[in-house]
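Contents: one structure, followed by commentary.
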Number of protein chains: 2
Amino acid sequence: MTETNDQDAALRIASGRKPFVEPLRLGERLREIRLANQWTLEDVSQRTGLARSTLSKIENDQISPTFTAVQKLISGLGIDLPQLLSPPRQQARTTGRRDLTRRGHGELHPTPTYEHELLSCELAQKRMIPFKTIVRARRFEEFSEWVRHDGEEFLMVLEGEILLYTEFYEPLQLETGDSIYFDSAMGHALVSTSDEDAVVLSVCTRGEAA
Amino acid sequence: MTETNDQDAALRIASGRKPFVEPLRLGERLREIRLANQWTLEDVSQRTGLARSTLSKIENDQISPTFTAVQKLISGLGIDLPQLLSPPRQQARTTGRRDLTRRGHGELHPTPTYEHELLSCELAQKRMIPFKTIVRARRFEEFSEWVRHDGEEFLMVLEGEILLYTEFYEPLQLETGDSIYFDSAMGHALVSTSDEDAVVLSVCTRGEAA
DNA sequence: GGCGCGAGTTCACTATAGGAAACAGGTTTT
DNA sequence: AAAACCTGTTTCCTATAGTGAACTCGCGCC
């Protein structure tokens, strides 16, 4: 079948590249996805436009699909490429961590303008940072400068009303239950506009591999 | 064929899965990389083991490379697949996007057990998926199988009370205001235990580049 | 100018991927 | 229990990806 010829290997090694042509059990993975969704080959055929036979061969590693075929797969199955390729390692993680925070039992971090309550701070390695904030600030002038940090932020108003100032937009009035998603590298700041100090829930993404 | 479990479906929809048949200028991208490194076709041929002619045709979109060919490319050039596919390089950062969702104006995705309301679904490329859920389920048996998906999930109870079933732990009672963070690859399922259906806010991480 | 040389492209051929249909178990129908 | 059906595999055949050789163009050189 697909035999990597010796010369290729030699060249690759000589050029100081990793000698591995990672096995990349694509067929295996495809079958996994298919069965997980309880699809038959025919179902997948309908979705992707590839012949039943072709799919069978791909699953059994009898052929190496064309890139266009791979595209049909990912668009037809509604998955993305990393998802199609990554499963083996994802499986290795089998993590089952969890971190409970009872109401009012987060870690408090008061500042002049905000009163933060960090949630789920037991967990060390996580990709999101959730926290509840009581917005003490009442006027934009109370902020010495824009709040900004890498990544993205999601925010929902739990109680009261706020005014969201952002660097590139007009101030936005948010009522209880409203939510917003924004790039947090853009300067931002919150002030309460309700009688009581507003409470908001925020979730920020964590630093990434650029 | 059974539809995928609820949250997966929600995630897929949220991930901007349009019928778009991404043109995916792979050839263009390859040439870009090659020239950036000042490699000739011959150089790349040596590194990858693919014929000069083949590389030429790939760069000019005259053929659609086999998946094995793509593997030779990525291993030979020492790049990874996402890198090869994400030509418009996310380098265009410092963005200032935002996406407001007024209370009750999210995108509804009802299922037998959950009633999802996707928030901030205007934004296409984002790293978190926030949604509000009314938990209709009352008994664990209403779920045909565990809900699970890659990544991590943060969840806060906004109204009512729920019981959180997870694959590796005892069921956990959560009251209004309680929150939890967990690996969502671990099977999980929610049921309401209050008189009224409970409402929870969830934020999931998105698939990442391996 | 002719000549050599190294870049990319094109040609002609072989290897292989993709598709239609036939085949081989199973399961359900009658 | 045969018939009708599904599902996945296998068999051809055609379309196309991959290859080495031939070709083309540009550039420097004496």
Practice task
Give segment A:57-66 a look and list any residue that's within 9 Å of DNA strand C (Cβ to nearest atom) and touching a helix residue (DSSP H, G or I) at 6+ places or on another chain (Cβ under 6 Å), or say none.
Solution key: A:Ile58, A:Ile63, A:Ser64, A:Pro65
Exercise for the section: Could you check, for segment B:157-177, whether at least one of its residues is buried (at least 21 other Cβ atoms within 10 Å of the Cβ) and of a type in the set (Phe, Trp, Tyr)? Expected result: no
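Can you pull out every residue in segment A:126-147 that is within 11 Å of chain B (Cβ to nearest Cβ) and charged (D, E, K, R)? It would help to see each step written out before you state the result.
Within segment A:126-147, the first condition is being within 11 Å of chain B (Cβ to nearest Cβ), and the residues that meet it are A:126-132.
The answer is A:Lys126, A:Arg127, A:Lys132.
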Exercise for the section: Kindly indicate whether B:Thr54 is buried (at least 17 other Cβ atoms within 10 Å of the Cβ), at pLDDT 85 or above, within 11 Å of another protein chain (Cβ to nearest Cβ) and within 16 Å of DNA strand C (Cβ to nearest atom). Expected result: no
Practice task
Among the numbered conditions (1) assigned to a loop (DSSP other than H, G, I, E, B); (2) under 24 Å from A:Leu174 (Cα atoms), tell me where A:Gly96 comes up short.
Solution key: (2)
Problem - Pairs where the first residue, in segment A:28-46, is under 11 Å from A:Ser56 (Cβ atoms) and the second is within 15 Å of DNA strand C (Cβ to nearest atom) and in a loop (DSSP other than H, G, I, E, B), C-beta under 7 Å, 6+ apart - result: A:Ser45/A:Ala51
Exercise for the section: Name the one entry in B:Cys204, B:Cys121 that is touching a residue at least 60 places away in the same chain (Cβ under 8 Å), touching an Asp or Glu at 6+ places or on another chain (Cβ under 9 Å), more than 7 Å from chain A (Cβ to nearest Cβ) and within 18 Å of A:Leu123 (Cβ to Cβ). Expected result: B:Cys204
Completion exercise
If you go through B:Asp183, B:Asp150, B:Asp197, the only one that is in contact (Cβ under 8 Å) with a residue 60 or more places away in the chain, farther than 19 Å from A:Glu159 by Cβ and either more than 10 Å from chain A (Cβ to nearest Cβ) or in contact with a Gly (Cβ under 8 Å, 6 or more places away or on another chain) (or both) is B:Asp197
Completion exercise
Scanning segment B:63-93 residue by residue, those at pLDDT 85 or above and assigned to a loop (DSSP other than H, G, I, E, B) turn out to be B:Ile63, B:Ser64, B:Pro65
Practice task
Go through segment B:23-51 residue by residue and tally those that are within 12 Å of DNA strand C (Cβ to nearest atom), β-branched (Val, Ile, Thr) and buried (at least 19 other Cβ atoms within 10 Å of the Cβ).
Solution key: 1
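The values are calculated or read from the model by the stated rules, or taken from the named source; none is laboratory data. Nothing here was measured: the structure is a model prediction, and the numbers come from that model. Glycine gets a Cβ as well: all are built from the backbone with ideal geometry, and neighbour counts include every protein chain shown.
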